[in-house]
Amino acid sequence: MLKELHIKNFALIDRLDISFDAGFSVITGETGAGKSIILGAIALLMGQRADTKAIKTGEGKCTIEAHFDLGKYGMETWFENNDIDFDPDDCIIRRELTAAGKSRGFINDTPASIHQMKSLGEMLMDVHSQHQNLLLQKEDFQLNTIDIIAQNTLQRKAYTQAFQAFHDAEKALQEMKRQIEESQRNEEFMRFQLNELTEANLKQGEQEELEQEGRSASHTEDIKAALYEADEMLSGDTNDIVGNIKNVCSRINSISSIYPKIAALAERLDSSYIEIKDIAQEISAASEDVDFDPARMEYINERLDVIYSLQRKYGMDTVEALIEERERLQGAISIIDNSDEELHLLAEKVESLRKEAKEKADTLTATRRKAGKAIEKEIHDRLTTLGMPNVQFAVEIKTELLGNDGQDHVAFLFSANKGMALRPVSQVASGGEIARVMLSLKAMISGAIKLPTIIFDEIDTGVSGKMAEKMAEIMLQMGKADRQVLSITHLPQIAAMGMAHYKVEKRDTKEGTTSIMRRLTDEERIQEIAQMLSGENISEAAVINAKELLNRNKKQD
């Protein structure tokens, strides 16, 4: 429930601090007084896009803040899921706009995204403006209304999951068909390519190994000469480095017992001798192994020619890429060879999932048909009370193909007069009739969900007199069920029914025009309703009539 609203530097409002009560309250004021400005401020708290033009002229920042009592509405889970502190007695939502274009939102002093503010706002408040009557033209609104009354969240979730699985499988089937058709068109060429790459018998890392071996083979004489010279230097008759190191080791070891300081060097020399001797032996063996093999060189060149030719042909730089292409072709050919079986298996899966989705859709449809009957009865009863004794109202549900929301096409059908055929409500109902239908639907919806606050913005358009009183009675009853209802109205019959009465008006100051909102006293209510009855010049009869309206409504309370 909305407890307090604070607005600073927004449009024509310098500063507004107002408190609200539970139950049914009314807001009045002349056209252009600023009622829409207050609704615009509330819309910002509910996550609507900000516009810096809304900041009061000459000011650098505007702030809108609302305090809510959430004690009876079970919203703890939302706050836990969004990692925001939960205070059931005082939930604070704040929005700040700066002239520089920055917008910031806060929930209980925690920075909040626009998405979070919108999500919470939809749970806290519903603002019904005149243009929302156009929702009756939209099938999704009508379907959503039925689902709310049906309280079929579990059935909708089950259907959505089943339909998504069916939809994904159907897409996979179509994609397989497309791939098979494409592959079949190129089958002969693909088989030729696969055969060519298979016969090449390519191996991972083969190209690098062959190229390295080829470079070595082309320099056989240089390699052999270098190894021979190194072998001669290490172990030959002229230099014999290995023999010389051995002699050094022998001399040093001969004195290590009488000159202990040299023992460490003796060990290092021994290790070096062993390592160099081993190196010399390996170089000697290598020099004998190096030999030019013309046949091997010819094989290397031929093999590399095959690899380079395939790379140019397929536009690839590596053997690995050619191997991947070979595997891709194998997969495509496999699909062609096994296409009938694969298509059959996938088609069976699609049909199985379709049947499952259809079963879930039938269950969902059943909940909607049951809810439709309940809506028909309650809306008929409400509209009869609201001055339509011959009204007919029907919820038409036609079964169509499976879709995201099920298989149902929904239409609200309406007839206000005897002998007039039922037709879609948006096509045949007058403005006043649509207002009464929408109020009746909102009353049903509010009874099905725990929505703390509902604001009606001139829902009474096209209605007057006794019917206005009946509409007010519905709003009054809505406000008695742990719910707060605020009605912006131009009708005295509705204004008199409010448990609290607020007025919005413009005032001219030295700084310019400003809008204010205040709660009226009992005497001020009499004057306000009398003015609504008679106009600017309040007559004595209007005052008497206003008192009668207020007294009659007090007795009803």
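Residues of region 1-30 falling in the label zone of Glu511, defined by backbone nitrogen less than 18 Å from a point 7 Å along Cα to beta-carbon, are 6-18. For the chain, the longest principal axis of the Cα atoms and the long axis of helix 431-448 meet at an angle of about 60 degrees.
Stretched out straight at 0.36 nm per residue, the stretch from Gln311 to Thr98 would grow longer than its current Cα-Cα span by 70.5 nm. Cross-link partners of Lys203 among aspartates and glutamates, defined as those whose alpha carbon lies under 20 angstrom from its own and excluding same-chain residues fewer than eight positions apart: Glu211, Glu213, Glu298, Glu302, Asp305, Asp317, Glu320, Glu324, Glu325, Glu327.
Computed per residue of the chain from DSSP H runs no shorter than four, each worth -39500 (n - 2.57), the mean residue ellipticity at 222 nm is -19000 deg cm²/dmol. Pairs over the 31 Å Cα-Cα cut-off, from the set Lys56/Lys118; Lys72/Lys370; Lys3/Lys157; Lys373/Lys547: Lys3/Lys157; Lys373/Lys547. So if R0 is 41 Å, what FRET efficiency would Leu154 and Met420 give, r being the distance between their Cβ atoms, rounded to the nearest 0.05? After rounding to 0.05, the efficiency reads 0.55.
Of all beta bridges that DSSP places with both ends in the chain, some 75 percent have antiparallel geometry. Its Kirkwood hydrodynamic radius, worked out from the mean inverse distance over all distinct Cα pairs, puts the chain at 32.5 Å. Please state, as a whole number in µm²/s, the translational diffusion coefficient that the Stokes-Einstein equation yields for region 422-533 at 37 °C and 0.692 mPa s, with Rh defined as the Kirkwood radius across alpha carbon pairs. Taking Rh from Cα pairs, D becomes 211 µm²/s. Cross-link partners for Lys470 among the aspartates and glutamates, with Cα-Cα distance under 18 Å and sequence neighbours closer than 8 places in the same chain left out: Glu378, Asp381, Glu433, Asp457, Glu458, Asp460, Glu548, Asp557. Here the label points at Glu211 and Arg268, each 7 Å from Cα along the C-beta direction, are separated by 4.3 nm in the simple model. Computed from label points 7 Å out along Cα-Cβ, the spacing between Arg552 and Asp90 is 4.2 nm. Give the shape of region 295-401 as rounded, prolate or oblate, defined through the alpha-carbon gyration tensor: a ≥ b ≥ c are the square roots of its eigenvalues, a/c under 1.5 means rounded, and otherwise the shape is prolate if a/b is larger than b/c and oblate if not. Taking the square roots of the gyration eigenvalues as a ≥ b ≥ c, region 295-401 is prolate. A viscosity of 0.692 mPa s and a temperature of 37 °C, combined with the Kirkwood radius over Cα pairs in Stokes-Einstein, give a translational diffusion coefficient for region 447-506 of 273 µm²/s. Taking 0.36 nm per residue of separation and subtracting the Cα-Cα distance, full extension of the segment from Glu327 to Arg369 would add 9.7 nm. Scanning the chain for trypsin sites (Lys or Arg not before Pro) that sit in a DSSP loop and have at most 11 other Cβ atoms within 10 Å, the longest stretch containing none of them is 204-417.
Bear in mind that the values in this text are calculations on the coordinates, not laboratory data. Everything numeric in this text was worked out from a predicted model, so none of it was measured. Cβ sites come from the backbone with ideal geometry, for glycine too, and all protein chains shown count toward neighbours.
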